[in-house]
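Derivation of every value follows stated rules applied to the coordinates shown; laboratory data play no part. All values derive from a computational prediction rather than experimental measurement. When we count neighbours, we look across all protein chains shown, and the Cβ atoms used for this are built from the backbone with ideal geometry, even at glycine.
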Amino acid sequence: MTMLEHSVSFTDQLELLSGLPDSTAFLDTVIHELDEDNQPVVAWIRKYLECLKDMDAESKSFWKKAIMVYLPAEYMSSVKQIANLKRLKKSLAMKNRGFSFNLDVAKEAAKAVRIEDMHSFVNLKRLRNYTIAECPFHSDKRPSFYIYPENRYHCFQCAADGDGIDFYQKINGLDFVSAVKALGGANV
């Protein structure tokens, strides 16, 4: 289990790393290793996108979305880990400099974090302009949890509903300010 898995909150990860010498170098090393592991998939994506350059805009849009369905789960997980590590590194640098954000600024940064990147969903599938998965808040027999492009979610079985910050609060048992701190990387 890696440090980025949801057993340790973002705030706790930040506290742990801030007490360690060379924690920024450690994060740089991990990010670099994950990036290197992703290079074969990145090369395939670039080659695939090169084939799309002469297509019309509608066809390009369709095929770019279609590629997301076929990307390996390990790659998608790695991309999420890299994003979380970069956010953690940025927050650590700010904390070390005594920098703090306005809550409104941190809230906007928190809203930009995609719900899909906050949790390891079961049976995550992209359909048209939304994503479905099994709901993390109850036992699902089939996917009833919908994530919309506006970064909002709704479960049609248990009626859980909200935006990315609400989701992070519920999934991690946090209050609003703690969720915004964790997602927005702020020392509010």
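Highest GNM mean-square fluctuation, the chain, Cα pairs closer than 10 Å: which of A110, A43, A57?
Its mean-square fluctuation being the largest, the pick is A57.
Over the Cα atoms of region 8-99, compute the convex hull volume and normalise it per residue, giving Å³.
Numbers: hull volume 12.1 nm³, N = 92.
Normalising the Cα hull of region 8-99 by residue number yields 131 Å³.
Rounded to the nearest 0.05, what FRET efficiency is calculated for D54 and R128 with R0 set to 22 Å and r the Cβ-Cβ distance? Kindly include the intermediate steps, with their values, before the conclusion.
Details: r = 25 Å, r/R0 = 1.14.
My answer for the efficiency is 0.30.
Pairs on different chains or at least eight residues apart, Cα atoms closer than 17 Å: how many lysine pairs in region 100-188 fit? Could you put the intermediate results ahead of the total?
On the way: K107/K170; K107/K181; K111/K170; K111/K181; K125/K141; K170/K181.
So the count works out to 6.
Taking the alpha-carbon distance from K64 and a cut-off under 15 Å, which aspartates and glutamates remain once sequence neighbours fewer than 8 residues away in the same chain are dropped?
Partners found: E50, D54, D56.
Can you work out the FRET efficiency for the pair A66 and D117, with r the C-beta to C-beta distance and R0 = 25 Å, to the nearest 0.05?
Values: r = 20 Å, r/R0 = 0.82.
Efficiency for this residue pair is about 0.75.
Using the C-alpha atoms of region 15-171, what convex hull volume per residue, in cubic angstrom, is computed? Display every interim value, and only then the final one.
Values: hull volume 23.4 nm³, N = 157.
Enclosed volume per residue, from the Cα hull, is 149 Å³.
What order, most packed first, do the peptides 82-93, 65-76 have when packing is the mean number of other Cβ atoms within 10 Å of each residue? It would help to have the intermediate numbers written out before the result.
Values: 82-93: 18.0, 65-76: 11.7.
The most tightly packed comes first, giving 82-93, 65-76.
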